Amino acid sequence: MRPKPAPNRTLPARHGVARVISKLGLGSRTQAARWVVEGRVSVNGRLVADPEFPVRQGVDRIEIAGQEQAPADRLVVMLNKPRGLVTTTSDDQGRDTVYHCFEGAGLPWLAAVGRLDKASEGLLLFSNDPQWAATLSAPGVGPDKTYHVQVDCIPDAEKLESMERGAMVQGTRLSAKSIRVLRQGQKNAWLEVVLEEGKNRQIRRLLDAFGISVLRLVRVGIGPLQLGNLAKGKWRRLAADEVAALQ
């Protein structure tokens, strides 16, 4: 009797070892590349010196300093970002970064999920799972983001509708899912702006196209997750049900 042929097994694609270490949530790609160059990384028992050395995640055995590495448990943290901090791990201009808020906390490597510019504040997420973070940030896939925006005027209903429809700004179409007035004073107002996707400085550029200046911009929600009463500059871990709700 002829034996049955072995089933075809599709192996995962090869990627550079530094990239795979990052995808495992063990460190940034830059950190992983440094570990390789320092001679701390081996693949299947063999030291490698090239951060682009090809490996298959889940197939090849990766060790750092002699310890076999498995995917880290997903960790997601929310921060109430203060105004004036840049969303980067380091800054060549010497400006304080959002990681200043985590100093001394003993957290593992975390990457920001999306960004808030230096002048903006509010809800910012961090995770050690870059694949999950990429899905959350993907245009048309990730959850809506809600902002409270103080502006230098009191826009009427017609202008709000025009801003929702959007405008072409330097060749890019900018719009909002919804914009409404939250409260107003004599000379300015607070707006609630909901975005389905985020482009670089989208709200500031959109409002500027209609002659409106932003005085303050605070992200207060990502999908069902709300900033709540988390103090400025403080952070907390998300519970499993909060992470699941974001997906």
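Each Lys and Arg Cβ is given +1 and each Asp and Glu Cβ -1; about its Cα centre, the chain then shows a dipole of about 380 debye. Placing +1 on the Cβ of every Lys and Arg and -1 on the Cβ of every Asp and Glu, with nothing else charged, gives the stretch 43-86 a dipole about its Cα centre of roughly 320 debye. In this rough spin-label picture, where each label sits 7 Å from Cα along the Cβ direction, the Gln247-Cys153 distance is 4.5 nm. Based on the convex hull around the alpha carbon atoms, the stretch 14-68 presents an average projected area of 3.0 nm². Applying the Karplus relation 6.51 cos²θ - 1.76 cosθ + 1.60 with θ = phi - 60° to the stretch 23-28 yields 3J(HN,Hα) values of 5, 6, x, 9, x, 6 Hz, where x marks Gly and Pro. Each of Gly58, Val76, Asn229 was placed along the dipole of the chain (beta-carbon charges, centred on the mean Cα), and the one lying farthest toward the positive end is Gly58. On the beta carbon distance between Gln67 and Gln93, with R0 = 35 Å, the FRET formula returns roughly 0.45. Normalising the average separation of contacting C-alpha pairs (under 8 angstrom, six or more residues apart) by the number of residues puts the relative contact order of the chain at 19 percent.
Mind scanning Lys177/Lys199; Lys118/Lys177; Lys23/Lys81; Lys118/Lys187; Lys199/Lys234 and naming the pairs with a C-alpha gap bigger than 21 Å? Lys118/Lys177; Lys23/Lys81; Lys118/Lys187; Lys199/Lys234, as the Cα separations exceed 21 Å there.
Rounding to the nearest 20 debye, state how big the charge dipole of the stretch 145-222 is about its Cα centre with +1 on each Lys and Arg Cβ and -1 on each Asp and Glu Cβ.
Its charge dipole is roughly 280 debye.
Amide H to amide H, with H built 1.01 Å from N, Phe53 comes under 5 Å of Val17, Ala18, counting only residues 5 or more places away or on other chains. For semi-axes √(5λ) of the Cα gyration tensor in Å, the value computed from the atomic coordinates appears in the list (i) 42, 22, 16; (ii) 39, 30, 13; (iii) 46, 20, 14 under label (i). Label separation (Ala167 vs Val37): 4.5 nm, computed from points 7 Å beyond Cα along the C-beta direction. Label zone of Ser175 (point 7 Å out along Cα→Cβ, amide N under 12 Å): in the stretch 136-162 this covers 162. For the stretch 99-201, place one equal point scatterer on every Cα, skip the solvent, and apply the Debye formula. What is log10 of I(q)/I(0) at q = 0.21 Å⁻¹? Those come out to -1.19, one per q.
Taking 0.36 nm per residue of separation and subtracting the current Cα-Cα distance, fully stretching the chain between Val59 and Ala13 would add 15.5 nm.
Its residue count N sets the reference 2.2 N^0.38 Å, and the alpha-carbon radius of gyration of the stretch 145-222 equals 0.98 times that reference. Between Ala119 and Ala209, how high is the FRET efficiency from 1/(1 + (r/R0)^6) when r is the Cβ-Cβ distance and R₀ = 25 Å? Nearest 0.05. Step by step, r from the Cβ atoms, then E = 0.90.
Normalising the average separation of contacting C-alpha pairs (under 8 angstrom, six or more residues apart) by the number of residues puts the relative contact order of the stretch 145-222 at 46 percent. Summary value for the stretch 14-68: 39 percent relative contact order, contacts being C-alpha pairs under 8 angstrom separated by 6+ residues.
Read the figures in this text as sums done on the coordinates, not as results from a lab. Being a predicted model, the structure only gives us computed values, none of them experimental. Glycine also receives a Cβ, built like all others from the backbone with ideal geometry; neighbour counts cover every protein chain displayed.
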